Amino acid sequence: MSERSVSKQKRGKRWYTVIAPENFDRKELGSTFADEPEKISGRTVESTLGELNDDQGANNVKLTFKITDVGSDAAYTEFIQQELTRDYLRSLVRRGASKIEANVTAITKDDYRVQLQPVAFTTKKADRSQEHEIRRIMTELTREAITGHTYDALTESVVEGRLSSAIYGDAKVIYPLRRVEVKKFSLEARPEEVEAEEEAAVSVDEGDVAVDVDDETEA
């Protein structure tokens, strides 16, 4: 490719400032380069909670955003995932103590399907019944948090540590805990995707009923 062609391509491209959602104070996440706005829609951008809040102590929390709307010189995002770094999780593990995990998938008040993975670390080794009860509490409180909040409100609860604190407060009476964290929080499906899946499931069920009726008629 000639230098003139390369120069022409560069002139046709422009930089877009990537903006975090409102519940992350519309902070700048960086910038991206494209010749057409449509080409950056759907791109993902990673950051850390530490970078957004200028707090090095929170660099162990990775955040992922997805570009959903593009303006003249800015790209707007939605939050799609929070995940703790592997190094941080390894630092929480202690020999002779219990690591208790749960995995909860549910739908928020405004019909987003999300998955949360809380994890608790005990001070010493808990027995099996205690681990089971702590996991039950984690699962119950996490499910209540999901179904009782909108997606944005749930995001704030997780990112700000309120859900972890609630689990810690209820579960520590079962066995002394050293730490509770949300290991991973991810968006599984947006409302329109959830609705489409439900409609497809209903269609399949109706088809099964129709087949059953035909079979009975033939019999």
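Read-outs: derived from the displayed coordinates by stated rules, not from any lab. If you're wondering where the values come from, they're calculated on a predicted model, not measured in any experiment. When we count neighbours, we look across all protein chains shown, and the Cβ atoms used for this are built from the backbone with ideal geometry, even at glycine.
Rg and Dmax of segment 123-168, both derived from C-alpha coordinates alone, stand at 12.5, 37 Å.
The charge dipole of the chain, taken about its Cα centre with unit charges on the Cβ of Lys, Arg, Asp and Glu (plus for the first two, minus for the last two), comes to roughly 2380 debye. Net charge around Tyr76, counting only other residues with Cβ within less than 9 Å of its Cβ (Lys, Arg = +1; Asp, Glu = -1)? Taking every other residue near Tyr76 into account, the sum is -1. Could you work out the helix-only [θ] at 222 nm for the chain, with each DSSP H run of four or more residues adding -39,500 (n - 2.57) and the total divided by the number of residues, to the nearest 500 deg cm²/dmol? The helix contribution divided over the chain gives -13000 deg cm²/dmol. When segment 90-205 is described by a simple charge dipole with +1 on each Lys and Arg Cβ and -1 on each Asp and Glu Cβ, the residue from Gly161, Ala97, Ala120 located farthest towards its positive end is Ala97.
The per residue volume of the convex hull around the alpha-carbon atoms of segment 15-84 is 74 Å³.
Summing Lys, Arg as +1 and Asp, Glu as -1, what charge do residues with Cβ under 12 Å from the Cβ of Glu156 carry, Glu156 excluded?
On the way: positive: Arg162; negative: Glu22, Asp25, Asp152, Glu160.
That works out to -3.
Taking Cα extents along the principal axes in Å as the quantity of interest, determine which of [x] 56, 41, 36; [y] 72, 69, 31; [z] 74, 44, 31 was computed from the displayed structure. Derived directly from the coordinates: [y].
Label separation (Arg178 vs Thr139): 2.5 nm, computed from points 7 Å beyond Cα along the C-beta direction. Here are some pairs, Lys62/Lys184; Lys39/Lys62; Lys99/Lys125; Lys62/Lys183; which of them have Cα atoms lying more than 19 Å apart in this structure? Distance filter (> 19 Å) returns Lys39/Lys62.
Any idea what the dipole of segment 15-84 comes to, in debye rounded to 20, about its Cα centre with Lys/Arg Cβ at +1 and Asp/Glu Cβ at -1? Don't skip to the end; give the middle numbers.
Values: 6 positive and 14 negative charges, 31 e Å.
Taking the Cα centre of segment 15-84 as origin, the dipole is about 140 debye.
Net charge in the neighbourhood of Tyr175 (other residues with Cβ under 9 Å of its Cβ; Lys, Arg +1, Asp, Glu -1) is -1.
Which whole-number percent of Cα pairs in segment 85-195 have a distance greater than 24 Å? That fraction is 25 percent.
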